[in-house]
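Just below is one structure, and these are the notes that go with it.
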Amino acid sequence: MHRLVPCFLPLALALLAGTAGVRAQGSAPGGVSGEARVPGVLASHSCDPLKHGARGDGTTDNTAAIQAAIDACSARGGGRVSFGDGVFLTGPLALKDHVTLELARGTRLRAVAQADRFTWAFIGRPFRPHEALISGVNVSDVGIIGEGTIDGQGAELWWPAAVAAREAMRAGVKSWGPGMEKVPAGNGLPRPWLIEFYNARRVLLRGVHLTNAPMWTVALRYSEDVVLRDVRITNAPDSPNTDGVDIVSSRKVSLSNLGIDTGDDGIAIKAGLPGPDMPKRAARNITISNVRFGHGHGLAIGSELAHGVEHVRINGAHFTGTQYGIRIKAGRDRGGDVGDVLVRHARMTDVAVPLSIDSSYPGEPRDAAQAPGPGAVAVATPAARAEAPVTPLTPRIHDVTIQHLFASGARRAGLLAGLPEAPLRDIRLQHVSIASRGEGMVLRHVEGSFSGVKITAARGKPVEEGPKTQVAVLETP
């Protein structure tokens, strides 16, 4: 069977058919700060979309009017496009240099429910117009601020097709559809993103509520000096591929004081897929602090890591009911060099798998017997763990330190599993306590040290050591 099933074929075909300068104040690892300075030009120019014909009545298509306000504001040297109370329907919008969208508390910026107004997005492809509701491409000093809401209409328009497509792929369909043959099954049916910044500089998102995203909520691709602060992201727990924030080959990114409740990764740090059409750029100098995760898959590095991730600092993460807590996921088809990662002060309640560092994602044969229920982790089979030749895409995960992680109510304590040809190296757990009501922690092909680590499990050994495991147990300082 090589065609899309009828239930989502029409939508799949439809898929085919500011600001102110943001400058870091203070200092943080990598030169990123949680605060951003708003220059005088922003305060001096306010552009009213109503004067360009916009109407917050919930029925008028305001795309042209809002875009005209953005263009006029940028032409004047920059400023704020300010929205008052109301529901403003819009199609895809393009931010311009020095323009910030400002949404009042009573503002709801809602995507039009017309699939043919958008194109589908994919991490392995350069930007195309209309692949996000709001995009900023090759721009600087841009932002979205305020207390209003941006609604992507995902539940109404996009999620049913994605769920149907996923079930069809599981039943044997080999491709998402014409033009999508190179999109891996694990990436989900391509849809638009809610917000995307591509090759952007000095970006600020502050205060807004982002919800109902078609696919990824915020995509930061090949961008620099980005601040997200006091942002709330909510997508339904069963919404497919609705990551909260995806940092793709970007640098000097600061995320702080966020609340994320979604259907996939809450935050994911990525470095792209292999291919000739995309920049070969690492993700580096990422700071994440004071983030609360609800439903979803927690905080991840990966899985697309072809160009590497380095210098990541995570401090103060709280997880409740997520599938994973801290996770690094890589695979032989998409790996790269991942190192200099420090996680401090993570607290987890009823998180299925609090800690997972796994070089066998995705597509490696898994032992389903080791995943007895939703949220449990499946461990790669012995066949998948057989040694393979080292290639440029072999995952190389090293120099990862986890400090002061406390978790209760886990289903499996964790997984630290490298590859025979590329073990995990210098993995350090310090002052870590994980209580599992199921299985313990699996260690395979890993080198490192434990200090002040306490792991309890209701079933089996608290720690199961597999082949090529060299973990030193150190005295607690």
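We did not get these values from a lab; they are worked out from the coordinates using the rules stated. Note that the structure is predicted; figures quoted are calculated from it, not measured. Neighbour counts are summed over all protein chains in view; Cβ atoms, including those assigned to glycine, are modelled from backbone coordinates with ideal geometry.
What the table below lists for this structure:
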{"quantity": "Most to least packed among 345-354, 429-438 [average Cβ atoms within 10 Å]", "calculated": "345-354, 429-438"}
{"quantity": "Helix-derived mean residue ellipticity, 222 nm - over the chain, DSSP H n ≥ 4, -39500 (n - 2.57), to 500", "calculated": "-2500 deg cm²/dmol"}
{"quantity": "Sum of side-chain charges, A104 neighbourhood, beta-carbon under 13 Å (Lys, Arg +1; Asp, Glu -1)", "calculated": "-1"}
{"quantity": "Rg/Rg_globular for region 416-472, with Rg_globular taken as 2.2 N^0.38 Å and Rg from C-alpha atoms", "calculated": "1.11"}
{"quantity": "Translational D in µm²/s for region 265-477 (Stokes-Einstein at 10 °C, 1.306 mPa s, Kirkwood Rh from C-alpha pairs)", "calculated": "94"}
{"quantity": "Dipole axis of the chain (+1 Lys, Arg; -1 Asp, Glu on Cβ), positive-most option in V390, I402, G448", "calculated": "G448"}
{"quantity": "Tally of Lys pairs whose C-alpha atoms are under 19 Å apart, taken over the chain, 8 or more apart or cross-chain", "calculated": "8"}
{"quantity": "For the chain, size of Cβ-based charge dipole, Lys and Arg +1, Asp and Glu -1, in debye", "calculated": "280"}
{"quantity": "Derived scalar couplings ³J(HN,Hα) [region 399-406; Karplus, 6.51 cos²θ - 1.76 cosθ + 1.60; whole Hz; x for Gly, Pro]", "calculated": "6, 10, 10, 10, 10, 6, 9, 10"}
{"quantity": "Antiparallel DSSP beta bridges within the chain, percent to nearest 5", "calculated": "5"}
{"quantity": "Karplus-derived 3J(HN,Hα), 6.51/-1.76/1.60, for each residue of region 130-135, Hz, glycine and proline x", "calculated": "6, 8, 8, 4, 10, 10"}
{"quantity": "Debye log10 I(q)/I(0) at q = 0.07, 0.11, 0.12 Å⁻¹ for the chain, Cα point scatterers", "calculated": "-0.35, -0.87, -1.02"}
